[in-house]
1. Just to be sure before I move on: is Asp463 over 28 Å from Gln60 (Cα atoms) and either surrounded by fewer than 23 Cβ atoms within 10 Å (Cβ to Cβ) or of a type in the set (Ser, Thr, Tyr) (or both) in the structure I sent?
2. For the stretch 624-638, how many residues meet the condition of being within 7 Å of the ligand (Cβ to nearest atom) and among the aliphatic types (A, V, I, L, M)?
3. Does at least one position in the stretch 247-257 carry a residue that is of a type in the set (S, T, N, Q) and either in contact (Cβ under 8 Å) with a residue 60 or more places away in the chain or open to solvent by less than 20 Å² (accessible area, probe 1.4 Å) (or both)?
4. Going residue by residue through the stretch 302-322, is there one that turns out to be more than 21 Å from Arg386 (Cα to Cα), crowded, with 24+ Cβ neighbours inside 10 Å and modelled with pLDDT of 95 or more?
5. Across the stretch 575-594, what is the number of residues that are small (Gly, Ala, Ser) and open to solvent by 60 Å² or more (accessible area, probe 1.4 Å)?
6. Regarding the stretch 126-139, can at least one residue be identified that is in the same structural domain as Ile453 (by TED's automatic domain parsing), in a strand (DSSP E or B) and among the aromatic types (Phe, Trp, Tyr)?
7. Among strands (runs of 3 or more DSSP E) lying entirely in the stretch 416-501, which contain 3 or more residues that are in contact (Cβ under 8 Å) with a residue 40 or more places away in the chain?
Amino acid sequence: MNRAEKRQTLIGSATLGAAALIAAAMAGLPRETPPAPVAPGRDWAAFGGVGEQHYSPLAQIDRATVGRLGLLWSLDLDDGPNAASAPLAVNGILYFATGYSVIHAVDARTGKQLWRYDPQAPERAGQKMRAAWGIRGIAYAHGRIITGTIDGRLIAIDAATGEPAWSVQTLPKGDASYITGPPWVAGDKVLIGFGGGDFGPVRGYVTAYDLATGRKAWRFYTVPGDPAKGPDGEVSDPIMAKAAKTWTGQWWRYGGGGTVWHAMAYDPARRLVFIGTGNGTPWNRKIRSPQGGDNWFLCSIIALDSETGEYRWHYQVNPGETWDYNAAMDIELATLDIGGRPRDVILHAPKNGFFYVIDRETGKLISAEKFVPANWATRIDRATGRPVETRWARFPNGRAVALYPSPVGAHSAEAMAYSPRTRLVYTPAYEQGRVYVDAPDLADWRFTPGQVINNGIGTAPPDMVLPPGRSALLAWDPVAQRARWRLPQTGQRTGAVTATGGDLLFQGQATGMLTAFDAKDGRALWRFDTQNGAQAQPITYLVGGRQYVTVMASWRAIGPSGRTPEYDYYTTKRRILTFALDAKGRLPAPAPVTPFADDPSFRVDASLAEAGKGLFAAHCAICHGPAANSGGAAPDLRRAAAPLAAESFAAVVRDGALVPRGMPRFAEFDDRTREALRHYIRQQARVARAAGGSSATLTRIAQDARRLHADQ
Ligand code: HEC
């Protein structure tokens, strides 16, 4: 047994053994099976659904029949922290990723595992693991499943056997870049971007590979490099000289950012691929490009020739971006009747709070209106396509300014859906602000190596506290540019939306409910408690003439979901669930939440704990939750065993005992740094216990902690 396996046994989690999985794979599909052709009305074969709309035309489950929908089967998943990616369904087989790109193939009718492929990404990821957790989506084409990995590989896997067909390293090793987004298929190419622009100096690009062989076809850089170094020999070179004129100072020292970390879209008729770019690195333009400038192609949609990667046009939602207002959200393709004629458009609701309708042919703005409160700009000028910023938008002269939306975004990676039947867009919408202020050391600002967020934004003054964020499901009319209806939802974040030909919307929520809403008026027609926050995209597809709905339930946001009791990494199941009409399955009752741990003999040193607070916020909170209050995406360390003893804590944090399970290694921390973190965790556990935590299984936890230590 390796350490991770020991640890798994310790926390009582069960995974399917490798031998059993190989046997299941052998017993599965015959190796000679030809690649299944994708049938658009039957399958859900791409992250964007049918036609890049997160829509399925299937209508067997509709407003009249949805009341008969029930659980067909569910499968518990424990490959680490994350089971929140969008599944695919092709010819009766479900493909999905758990943990760090562990790919599963499952018979959609029964939930029986056919194969499982583990690319062992955490072991290779190093510090790339610190800022991100596993993959949000995968791709399918010509009998292959394609996935990115956190360590920067793109891997094609035979969909029939689970054997890898090819693997390429698409990112440099050792820097801040990582892959969490889905690959995108465009003709005979597969495209992959990456993230990491909040974390360290990275320069964004998208690379296209030949689907059959994995050979690199082209690479497009999204921001210019150091002009002194000359062209990179990539297709972006001709446009890069022009782009460089929109930057000032020595931006290349910071990488520049503009990563394509999430959405793309493919328009086969035009042979165009649209890529959505992220924020600048660092966020604060005063550091990155001190004399101003639009900073092409940050926060933009860029149209590229899918065959050659050549630039066609771009539309920048935030010229001179400084707020983390990404344009990496869904790029949906639709044909709308505008001004009495059909227009092929892009529908886009980026983080900045405006809903954009853009001409797909030219990249020109058709219209843009606010879909949530936003105070950084008053409007988008239709003639120029540029925002009219408010005077406080760029937090001038060292002022701290409360701006809406926050970097979480008015809309984030949770998919929105467009129904060509109702002609409405359904989007998870967030209302949340953030205090923006310059980092104190603006003139000689540097990245702090290994720190998760490196953005050049300072800390809010203590008297500027904004209300907690709110979430809603919003039905938006993209032609009239106004809301049709708006359903407030529980929690600061909610789930991705799928629209269907049965005029239903399927959406999971922070509360763990998977709900079917009436697409016309938002009435909830059916719901099921998955017992875990279902943020990932639900999908729907046909097998043998019967319509199924599948969702992965695994809360993955930073911090609590808002459900009571909160999800517990140890006892709340991460699952995939499949539903069909007249199925009657039930889930077992949820296990109780692990109590807050304490060692009564531990004396908290207040000043150590205070130092630990800052360290925790900088390095741990992104997974373990703000103020050590986790929503279940990673363990709630106030309930955890390892922090009870310095040795077991060191085994995990310093030596990387849980790296294969998704807990990064922090080898650079000295003994005192780790003690500061431990004192902070103990202090927070005491605070939580005093507020009502139970001590029932405290003895067991303390014993487990000693065992873990003895096992190292
Ligand atoms: C990228 C996400 C991520 C970050 C960042 C992260 N952790 Fe973890 N951590 C995890 C996950 C996931 C696990 C659970 C692994 C498993 O399944 O056993 C974990 C487990 C642990 C455990 C073991 C808990 C137990 O079961 O007793 C400790 C201790 C821990 N982390 C401490 C830290 C500290 C301290 C930091 C910051 C310096 C940190 N982690 C940063 C994801 C993270």
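The values are calculated or read from the model by the stated rules, or taken from the named source; none is laboratory data. Keep in mind that what you see is a predicted model, and the values were worked out from it rather than measured. Positions of Cβ are generated from backbone atoms using ideal geometry, with glycine treated the same way; all protein chains shown enter the neighbour counts. Remember, those area values only see protein heavy atoms, side chains included, never the ligands or the DNA or RNA. Shrake-Rupley method; radii C 1.70, N 1.55, O 1.52, S 1.80 Å.
1. Considered against the rule, which asks whether it is over 28 Å from Gln60 (Cα atoms) and either surrounded by fewer than 23 Cβ atoms within 10 Å (Cβ to Cβ) or of a type in the set (Ser, Thr, Tyr) (or both), Asp463 comes out as yes.
2. Here is the first cut: in the stretch 624-638, the ones within 7 Å of the ligand (Cβ to nearest atom) are 624, 634-635, 637.
Next, from what is left, pick out any that are among the aliphatic types (A, V, I, L, M): 634, 637.
Of the residues in that region, 2 qualify.
3. Within the stretch 247-257, the subset of a type in the set (S, T, N, Q) is 248, 250.
Applying the additional criterion that residues be either in contact (Cβ under 8 Å) with a residue 60 or more places away in the chain or open to solvent by less than 20 Å² (accessible area, probe 1.4 Å) (or both) yields none.
The answer is no; no qualifying residue exists.
4. Our first condition is that a residue be more than 21 Å from Arg386 (Cα to Cα); within the stretch 302-322, this holds for 304-310.
Filter once more, keeping what is crowded, with 24+ Cβ neighbours inside 10 Å: 304, 306.
The next check asks that each one be modelled with pLDDT of 95 or more; those that pass are 304, 306.
Taking every residue of the stretch 302-322 in turn, at least one turns out to be more than 21 Å from Arg386 (Cα to Cα), crowded, with 24+ Cβ neighbours inside 10 Å and modelled with pLDDT of 95 or more.
5. Number of matching residues: 1.
6. First, pick out the residues of the stretch 126-139 that are in the same structural domain as Ile453 (by TED's automatic domain parsing): 126-139.
This time we only want the ones that are in a strand (DSSP E or B), so: 137, 139.
From the residues that got through so far, the ones that are among the aromatic types (Phe, Trp, Tyr) too are none.
No, because not a single residue in the stretch 126-139 is in the same structural domain as Ile453 (by TED's automatic domain parsing), in a strand (DSSP E or B) and among the aromatic types (Phe, Trp, Tyr).
7. 417-419, 424-431, 470-477, 482-489, 497-500
One line per residue, one yes/no per condition, for (1) more than 18 Å from Thr259 (Cα to Cα); (2) open to solvent by 10 Å² or more (accessible area, probe 1.4 Å); (3) touching a residue at least 40 places away in the same chain (Cβ under 8 Å):
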{"position": "Ala132", "(1), (2), (3)": "no, no, yes"}
{"position": "Thr149", "(1), (2), (3)": "no, no, yes"}
{"position": "Ile155", "(1), (2), (3)": "yes, no, yes"}
{"position": "Ala160", "(1), (2), (3)": "yes, yes, yes"}
{"position": "Trp166", "(1), (2), (3)": "yes, yes, yes"}
{"position": "Thr170", "(1), (2), (3)": "no, no, no"}
{"position": "Ala176", "(1), (2), (3)": "no, no, yes"}
